[in-house]
Amino acid sequence: MRVRFFTLFILLYAASLFQCSTSEQQSKNLLVAASIPPLADFAEKIGGSYVRVFTIVPPGTNPHTFELTPGLMKKLSRADLLVFNGVGLEFWLDKVEDNLAGKKIVYAAKGLQILADDLERHAQGNPHVWLDPQNAIYMVKRIYGAFVDVDPAHKAYYEHNAAVLIKEIEVLDQDIMATVDSWSHKKFVCFHPAWAYFARRYGLEQAGVIEKRPGMQPSPGDIADIIKTVKNIGARVIFAEAQFPSQMAEVIAKDSGVKVIPLDPLGSQGQKSYIELMRYNVAQMSKGMK
Ligand SMILES: [Zn+2]
């Protein structure tokens, strides 16, 4: 009898060990899908060694005209957590909502104050919230909350990582503030209204945009307006973007005698962190605004 008890105890003990190691295994394999590179970066930094993250909109792709492929759809259906921006940026979501039923989705921008935008694809307002570092901190907190919901066992680990990241973004914010304060120019013209939240945060003005509707060429009237704006604000540069064709910006720049400087509101997967991305953009802007 005693021997049997002992065997049972050993078996139970072994089973509990096994259970521990499988749940450990599962958390290590937490698969997270993030719609754009800045959100993937936040998810990677918060999740650390317990998550694998992939970006849905491929690097160099315009998220406003992006189409979800069947391959990506399959990958999405395997994800444990989906990290989305919200504010209509994931416009392709309508088509696949049924496939994602029951999935844990966090909309990182939910609850933020959203700026109006009359763009066709931006019907819910301007989606480029992450380009204000204070908004980014808010989004980091929401993503952290979602990780804790999905994997409460590693709350302390996620909390620590999120706190470290938030501190780094605070430093970034202060650095940008100091740099922008030193600029003599406060108004700019850019390719599409990506920099509205950035401008609001640092006391700048997005005076004009070249592409008012995603994927559509500006009309001759639009171009004339932009050239006028460039002259009126005394701009020395036009900001273009990595995800958009730059020919139109080149034409306008040539006509108004200014230079084209590329910016990147998204970054490319694996190449730049959010913080590196923001520092790159501010350095680029400095060339025309100093
Ligand atoms: Zn955009």
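Observations on the model:
- Pairs of lysines in region 57-146 whose Cα atoms sit within less than 25 Å of one another amount to 13, provided the residues are eight or more positions apart or on different chains.
- Packing-based order for 131-143, 70-82, using average beta carbon neighbours within 10 Å, highest first: 131-143, 70-82
- In plain terms, the residue of M248, M177 with the fewest other Cβ atoms within 10 Å comes first and the most crowded comes last, giving M177, M248.
- Cβ-derived FRET efficiency at R0 30 Å, A178 paired with A153, nearest 0.05: 0.15
- Compactness of region 113-219 - radius of gyration and Dmax, Cα, Å: 17.1, 55
- Whichever lysines have a C-alpha closer than 22 Å to that of K228, once near sequence neighbours (fewer than 8 apart) are set aside: K186, K187, K212, K254, K259, K287, K290
- Helix-only [θ]222 nm of the chain, DSSP H runs n ≥ 4, -39500 (n - 2.57) each, per residue, nearest 500: -16000 deg cm²/dmol
- Translational diffusion of the chain was estimated from the Stokes-Einstein equation, with Rh taken as the Kirkwood radius over Cα pairs; at 10 °C and 1.306 mPa s the coefficient is 76 µm²/s.
- For the chain, a Gaussian network of Cα nodes joined below 10 Å ranks K95, K104, K254 by mean-square fluctuation, and the top entry is K95.
- A Förster radius of 35 Å, combined with the Cβ-Cβ distance separating N29 from I233, puts the computed FRET efficiency at roughly 0.10.
- Loop-located GluC sites (Glu not before Pro) in region 46-111 (DSSP state not H, G, I, E or B) with no more than 12 neighbouring Cβ atoms inside 10 Å: E67.
- Percent of C-alpha pairs per 5 Å bin in region 182-289, short distances first: 2, 12, 24, 27, 19, 11, 4, 1.
No value in this document is a laboratory result; all are computed from the given coordinates. Keep in mind that what you see is a predicted model, and the values were worked out from it rather than measured. No Cβ is skipped: glycine too gets one built from the backbone with ideal geometry, and neighbour counts run over all protein chains shown.
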